[in-house]
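Working notes for the structure below.
Rule-based calculations on the coordinates, nothing more; no lab input. Computed from a predicted structure; not experimentally measured. Every residue, glycine among them, receives a Cβ derived from its backbone with ideal geometry; neighbour counts consider all protein chains shown.
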Amino acid sequence: MLKRKLYRDLRQNLSQFIVIFVMVMLSVMAFAGVHAYMDGMRVSGDKYYAEYNLADMWLTGENFSAEDMEKITSNDNVDKADRRLTVQGTLEGRDGVTLEMNLIEENEVCRMYVFQGTAFDPKETDSVWVDREFARANGYSVGDSMTLKYTSFKMEVKIAGLVETPDHTYSIKDSTEIFPDHHSYGYVYLSSGVIPFRIPFPFVMIDLKDPSLFDETKLQLEEEISAIAATTGRTELASWVGYNSEVEEGETYAFVFTFLLLFIAILSVITTMNRFIRKERTQIGTLKALGYRRRRIILHYISYNLVLSLIAAAAGMVVGVLTIGRFFLKMEMEYFEVPEAHMVLEPVVFIAAALCVILIAAVTWLSCRKILNEPASQALRTEVPTVRNTNFSLTTRGAFRNASTVTKWNLRDIGRNKGRSLAGIAGIMGCVMLVVTALGMHDTIQDYLSWQFDKINHYESYIVLSSDYTDSEYEALISEYGDETSQTIAFEMQEADGTTSAQTLFVNDAPEHVRTTDHDRRAIEMTDEGVWITEKLSGSTGLGIGDEFTFTVYGEEEPHTARIAGTCRDPQSQRFFCTKGYLESLGMTYRADTIYVDELLDRSRVPEGAEVIQTREGLETGVRSMLDRMNSVIVLFIALSAVLAVVILYNLGILSFSEKQYQFATLKVLGYRAKPLRRIFNQQGRILALISIALGLPAGYFMVSYIFSAALGDNYDFPAYVSPQSFVIAGAAIFLVSGLVNYWLSGRIRKIDMVSSLKANE
């Protein structure tokens, strides 16, 4: 009998159970989809790094000899080590293309993942192994020939393989670019034997047996090998940092969005089930009167949602992985090179889905238990609204004293039904937060763009100079393009606790083209009295105005002492700043590495003495690409929040209507027409919506602030920003949805049967 009742109830309450199914499926789908691609990126990357021996340590110097290599490999903690020469070259016949040329002896560390062709062979002196993404973008395949150029040296080689390497998962031309451009930049590997003369090896890649002993191994090697100018680890590798920062940022906003979605969906399902069980009050009383045990009745009603929510959760995981997960993983892999990247469902996804099912079952159990505690004779009767002696004096004080009867009635009803009202406010508030957070992420990036490209960067193009340019080449360049230049110096700084850290000093001799800004984004005029430090770096190093610090430039032995003259703020780079005059006062030589130009230059026409030309337009295009990618996330979560908002408002309206049906029937008997009753119903919806919006707008801003403070890497420093337009859009959208749903529900007032409604409580 209970089975037949189950099927009958499912048919009669199909819309309610469809709502439960959709809500559980949507929330689990979003949670599983986002986690599938973010966890997949992390797991795929870690597996790739482990299997293909991403180096744990990089040694930098002018040249590492064979004797140095013997000392390195004899260290107890060194497993494998490879020497490498890396230079920036060009490709003959392809204007504007830059190739990172890596000449190696062996390929034991940072091993190549070969997609097509043969594995690396150091004896092949006329072959090249090419970045697969670059080859794909430029139409190259295995067996094709290409002519590589470095300064005046040319070499014609044949493509032996299309590869990717673990130290190039995030492959960009230089630090000024944000996203890879595979059409104009790529990397290649060649045997060092391709060069007919002896070449220097300024880099050594080391695979450690125990990476946790990095510091000890570093000290040992630096003591034994004088050629070492700098020792860095994975955390200083731009490729590793870029990829892992993306994973960490994604995990931060994924947690925020999916947690809110789960919370809102579960709240919606709870209100739906609570209403359904209350409707089943007399049915439960009948079953109890017929002798059914409490346990069997509870299991019967739990089975309604247990099976339904299990199917919805399973469907949500499958659909989420196949749609959201697959879409975003494919989009991410357009910017990163990780072979065999795949989605992963970790235990947290199954735990979250199980919690949804358990919570729904628990709510059903609690609702049934409350009714089963009553005598069967009382449960057989429709629940009579509880009349409480409340001291609700708001409507008798202040401005509310002169409020209309409709307003007073609604305020008292909200006060008497705190649980329903708070549930509705919490649900709508969560939807407002979702919309504000999504729009705020877009606004914050736009605000960052304005700061970086309108207030700091005042140039159209800049020329990156070759590291070995001659004086005559430099004179020719500044005579043609001007002498607005800068130099970036990498150095090692002594910390207060005795440790050292890698930092950079930006020597600005182009103050009108690259401006330094303070906390309020106003331009600062630096003097020759010291260096300026960014606020975020000042906080992490403990250095303040008036402090002195000692640093050593990489490749030099003589230390220098500088004084902090002021603080500044930079949204993209945390470093030190100074003028050319102050640098020279420290006894250091200024050697420009960048020239800034007011005109838009042709990036394919790189002059002698220069390495690459970059444009402001190109930089902005890269960031715009990031915005386009973020817009996909924003659209997804706004769509989900809109669906959830409609369902929550519908559930809240139905629950409110069912509780007011007796009162509305009474008012109709007293002569009230449907129109004023609809006004009463709609006004309460507006009041709750306004309260929810008032709470949700600031909460949404704090959520945006949390996301950017937790997700931004160490190099970035910009505050969260939500534009007034976004606040208006979020508030107006939710208020409009609330109004439409309540207006539609209020139409049911016309259909109230006064006789059955009034006699139901007899």
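Values for this structure:
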item	result
Semi-axis lengths (Å, descending) of the ellipsoid that matches the C-alpha gyration tensor of the chain	65, 31, 23
Assigned charges on the beta-carbon of Lys, Arg, Asp, Glu; the chain dipole about Cα centre (debye)	11340
Total charge dipole magnitude, the stretch 79-176, about the Cα centre, Cβ charges on Lys, Arg, Asp, Glu only, Debye to nearest 20	180
Ratio of the Cα radius of gyration of the stretch 236-353 to 2.2 N^0.38 Å, where N counts its residues	1.61
Inter-probe distance in nm under a simple model that places probes 7 Å from Cα toward Cβ, at Val348 and Asp144	4.1
Interatomic Cα distance distribution for the stretch 461-599, bins of 5 angstrom, percent	2, 9, 19, 22, 19, 15, 8, 4, 1, 0
Positive-end extreme of charge dipole, the stretch 62-228 - chosen from Ala135, Thr86, Ile225 (charges on Cβ)	Ala135
Helix axis angle, 405-416 relative to the chain longest principal axis, alpha carbon, degrees	70
FRET efficiency estimate (nearest 0.05) - Cβ-Cβ, Glu340 to Ile18, R0 56 angstrom	0.90
Inter-part distance where the stretch 208-260 and the stretch 451-468 are each reduced to a Cα centre, Å	28
Cα-Cα over 30 Å, subset of Lys288/Lys675; Lys370/Lys418; Lys330/Lys455; Lys47/Lys218; Lys279/Lys418; Lys71/Lys149	Lys288/Lys675; Lys330/Lys455; Lys71/Lys149
Computed label-point distance, nm, for sites Lys154 and Asp468 using a 7 Å Cα→Cβ extension	1.9
Cα-based helix-to-principal-axis angle, 418-450 vs the chain, degrees rounded to 10	20
Theoretical ellipticity at 222 nm over the chain - DSSP helices of four or more residues, -39500 (n - 2.57) apiece, nearest 500	-17000 deg cm²/dmol
Residue-span extension gain [Trp365 to Ala119] - 0.36 nm each, minus C-alpha spacing	82.3 nm
Reference-scaled alpha-carbon Rg (2.2 N^0.38 Å with N residues) for the stretch 62-228	1.09
Overall form of the stretch 13-111 per C-alpha gyration tensor (a/c, 1.5; a/b vs b/c)	oblate
Bridge type composition, the chain - antiparallel percent by DSSP, nearest 5	75
Lys, Arg +1 and Asp, Glu -1 on Cβ, resulting dipole of the stretch 461-599 about Cα centre, debye, nearest 20	620
Proximal aspartates and glutamates to Lys668, defined as alpha-carbon separation beneath 13 angstrom and excluding residues fewer than eight positions away on the same chain	Asp753
Around Gly546: net Lys/Arg minus Asp/Glu count, Cβ-Cβ under 12 Å	-2
Distance in nm between pseudo-label sites at Leu600 and Glu216 (7 Å out along the Cβ direction from Cα)	5.8
Leading residue at positive end of dipole, the chain (Cβ point charges), from Met331, Val163, Ala510	Met331
Relative contact order %, the stretch 62-228, counting alpha carbon pairs below 8 Å whose residues are six or more apart	35
Surrounding net charge for Gly530, when Lys and Arg each add one and Asp and Glu each subtract one, Cβ distance under 13 Å	-3
Extension gain (nm, one decimal) between Glu558 and Glu236, 0.36 nm per residue minus Cα-Cα	113.6 nm
